[in-house]
């Protein structure tokens, strides 16, 4: 079996060496051609098609440690998969030894202390399912099939961010296997430098196998859903979005998007595939207050679909799932915004009219409020003054159409970029974005500090298949 080493050379791994690895695992080893290999290596973004030499399917932390020891012993290139949802496909590398933690999906809730411990292979739905049993939730993302590990290590934001900050602001501890295959705990009191780096600096400093999240009373019922209008009303709807967002309480999060209407049952069949504008809202406080606050959305203009109602919070967390299925081809460009103005909205509308895929969109997420409660030194996640983030999201089915849709995303991004704060969100960076974009996400000072933390915890840069920050 040919595998790639850290220095780029290849090494032959014998069947005897692989057998010894198998004896150290609760999980199992997968090689190319074996049953389960293709499913394990495949990612959410079908544009990423890489083939690791060896996959270690981990059932627990000891498997992670065994996999790292084996990689060290043979100086192998190492990559780490949690949920496999990152658009740049950082979980997989050609010829590498891949640690697949996706089977590790346990969640334990301490109701009295309001803490949830979740293993690194969990997706958002795993955590929401267990915490909502107790009427509790933590800050997670917008698509329930997203992996918690990548989301959290890159910052993470969702419907609860305006109340309680980035996802990573709500982590109080992490179990981490170091590049030396040692298990440590990272928190404010234990290994605080490592804890700081992992809260937004990415998976560059250790392999996190478990997260401890703060929980808050949310739901089980909230007011959430979508109202859609024909694209002919886009200018007025985006002005409504801007005016509501500017005065929204922290319990309310608003998302606006322009796209072709999906074949959703709540939209008239004759509208499917036609351009629409929509507002997605979630009010996570008292539902009676929420119904009053979202009333201006429901009564505005001439909507063609309205599913903005009382519903379980866990259901709100799944509303966008159908727009982001595994196996499509995805390409994004994203920027943070200080505000939304009419010129930017006009540019969004113009480029939404040029969409050539039934799955692509221009999306505007609301941020602000709790993000700014910490200073920039609190964690490396950066851009705490941002109040919005736009995302030009290309999504399509056929590889032959790659160039057409990528060019649409890039052109829209170039014309929207002048409205940016200059910052961007690390979890939205695509495979082709370089060091300057990493600096835009994290900031120069944070990058310098992260390089020093890297030098302490991974001086040989063994954990480099990520948004790599080299040790210095």
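A short reminder: the numbers here are calculations on the coordinates, not readings from a lab. As the structure is a computational prediction, the values presented were derived from the model and not from experiment. Methodologically, a virtual Cβ is constructed for each residue, glycine included, from the backbone with ideal geometry; neighbour enumeration extends over all protein chains shown.
Rounded, prolate or oblate: which fits region 252-344, taking a ≥ b ≥ c as square roots of the Cα gyration tensor eigenvalues, rounded meaning a/c under 1.5, else prolate when a/b beats b/c?
rounded
Could you order peptides 36-44, 390-398 by the average number of other Cβ atoms within 10 Å of their residues, highest first?
390-398, 36-44
Using alpha carbons only, how many degrees (0 to 90, rounded to 10) separate the axis of helix 61-73 from the longest principal axis of the chain?
Between the helix axis and the principal axis of the chain, the angle is about 60 degrees.
With both partners inside region 2-100, how many of the DSSP beta bridges are antiparallel, as a percent to the nearest 5?
Of those bridges, close to 45 percent are antiparallel.
So what are the three principal axis dimensions of region 221-428 from its Cα atoms, in whole Å, longest to shortest?
48, 46, 33
Helix 287-298 sits at what angle to the longest principal axis of the chain, using alpha carbons and giving 0 to 90 degrees rounded to 10?
Tilt relative to the chain: about 70 degrees.
Could you work out Rg/(2.2 N^0.38 Å) for the chain, with Rg from alpha carbons only?
In units of the 2.2 N^0.38 Å rule of thumb, it is 0.96.
How are the alpha carbon pair distances in region 2-100 distributed across 10 Å bins from zero to the largest one, expressed in percent?
P(r) over region 2-100, rounded to whole percents: 17, 53, 28, 2.
What order, most packed first, do the peptides 64-75, 145-156 have when packing is the mean number of other Cβ atoms within 10 Å of each residue?
Per-residue Cβ counts within 10 Å, averaged per peptide and sorted highest first, yield 145-156, 64-75.
What does the highest-first list of 348-356, 429-437 look like by mean Cβ count within 10 Å?
Going by the mean number of other Cβ atoms within 10 Å, highest first, we get 348-356, 429-437.
What 222 nm value per residue comes from the helices of the chain, counting each DSSP H run with n ≥ 4 as -39,500 (n - 2.57) and dividing by all residues, nearest 500 deg cm²/dmol?
-8000 deg cm²/dmol
Evaluate the relative contact order of region 2-100 (contact order divided by residue number), counting alpha-carbon pairs under 8 angstrom at least 6 apart; express in whole percent.
Working: 179 pairs, mean separation 33.3, N = 99.
Computed value for region 2-100: 34 percent relative contact order.
Sequence gap at least 6, Cα distance under 8 Å: using those rules, report the relative contact order of the chain to the nearest whole percent.
It comes to 16 percent, rounded to a whole number.
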